[in-house]
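Asks: Quick one: structure below, then a few questions.
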Amino acid sequence: MDVDPRLFENVKVSDGEVRKIVLSYLVHNCFKETAETFIACSGMKRTADCSVDIDKRKPIYNHVLEGNASKAIELTNQLAVDLLTSNPDVHFDLLTLHFIELVRAKDCASALEFAQKELRPFGKQQGRYLDKLQDCMALLAYENPETSPMFNYLSPEYRHSVADALNSAVLAHANLPSYTSMERLLQHTTVVRQRLHQELGKDGPPIFTLKAFLKS
């Protein structure tokens, strides 16, 4: 059975709580101007100077989206010198992104030199980074890596995934939430519905998906 919409009628959610969820999303994703406009239009009070936090994170985030991993690493080290050493997965993704951009630019000599110097140490950690490292190195074998089986590493989506991971690491390093309230809410809803579906079977609510919810 599906969830009866009438069950929601007596559940009160204040406008203030909804605004906090929206603001959390805007600040997390570095939408500074939109966040400031939202605060002004909604009459919310600033609990902290979120613009300062965004000003530090947004350039780093944008450099990753542009494929400029070396500049993102430089700014991250300026912001927190130990952040990347304490987040090796994020560091590895940034280094592979730089390697991929060298391959995209057809600068294979520089790509090989960079891989030997910066990526080779990660290859010694069997299983953890080796598979991805092998995929990236395989890009050198293709004249047009964009049409290779590993084309996803050259996609905008890959840059976004690296940018999001770095952004979350920067927030966590500053003792700030690394995920938005909206993401947490969706995660909790998904887990609760999964448990209910497992325990009640066909008599319980269906598994929650955001796609289905938006269509309802």
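Bear in mind that the values in this text are calculations on the coordinates, not laboratory data. Remember, predicted model here, so these are calculated numbers, not experimental data. Here the Cβ positions follow ideal geometry from the backbone for every residue, glycine too, while neighbour counts run over all protein chains shown.
Asks: Mean-square fluctuation check for the chain, GNM, Cα pairs under 10 Å: which of 91, 197, 63 is largest?
Replies: Judging by the Gaussian network model, the answer is 197.
Asks: Moving on. Which entry in (1) 1.27; (2) 1.19; (3) 1.02 matches Cα Rg over 2.2 N^0.38 Å derived from the coordinates of this structure?
Replies: Derived directly from the coordinates: (1).
Asks: May I pose another question? How much length is gained on full extension from residue 183 to residue 143, taking 0.36 nm per residue of separation minus their Cα-Cα distance?
Replies: 10.4 nm
Asks: Just to be sure I follow: if Rg is taken over the C-alpha atoms of segment 77-124 and Rh is the Kirkwood radius over the same atoms, what is Rg/Rh?
Replies: My calculation of the ratio gives 1.03.
Asks: Which of 140, 196, 23 moves the most in a Gaussian network model of the chain with Cα springs under 10 Å?
Replies: Comparing 140, 196, 23 in a Gaussian network model of the chain, the most mobile one is 196.
Asks: With a bin width of 5 angstrom, please list the P(r) values of segment 133-193 as percents of all Cα-Cα pairs, from the 0 bin to the one holding the largest distance.
Replies: Reading the bins upward from 0: 4, 16, 14, 15, 13, 12, 12, 10, 4, 1.
Asks: 222 nm [θ] for the chain, helices only, -39500 (n - 2.57) per DSSP H run of 4+, per residue, to 500?
Replies: Only helices count here, giving -19000 deg cm²/dmol.
Asks: Let me ask something additional. Roughly what would the spin-label model give for residue 135 and residue 77, points 7 Å off Cα along C-beta, in nm?
Replies: 2.7 nm
Asks: Same structure again: Using +1 at the Cβ of each Lys and Arg and -1 at the Cβ of each Asp and Glu in the chain, identify which of 73, 214, 85 lies farthest towards the dipole's positive end.
Replies: Of the listed residues, the answer is 214.
Asks: On a 0 to 90° scale, report how tilted helix 69-79 is relative to the longest principal axis of the chain, with both axes built from alpha carbons and the result rounded to the nearest 10.
Replies: So the helix axis and the longest Cα principal axis differ by about 70 degrees.
Asks: Computed FRET efficiency, Cβ-Cβ of residue 40 and residue 198, R0 35 Å: what is it to the nearest 0.05?
Replies: 0.15
Asks: In a Gaussian network model over the chain where Cα atoms closer than 10 Å are linked, find which of 73, 60, 21 has the largest mean-square fluctuation.
Replies: Ranking 73, 60, 21 by mean-square fluctuation puts 21 first.
Asks: So for the chain, taking the charge dipole from beta-carbon charges (+1 Lys/Arg, -1 Asp/Glu), which of 116, 168, 99 sits furthest toward the positive end?
Replies: With unit charges placed on the Cβ atoms, the residue in question is 168.
Asks: How much length is gained if the chain between residue 191 and residue 128 is pulled fully straight, taking 0.36 nm per residue apart and subtracting their Cα-Cα distance, in nm to one decimal?
Replies: Result for the pair: 19.9 nm of gain on full extension.
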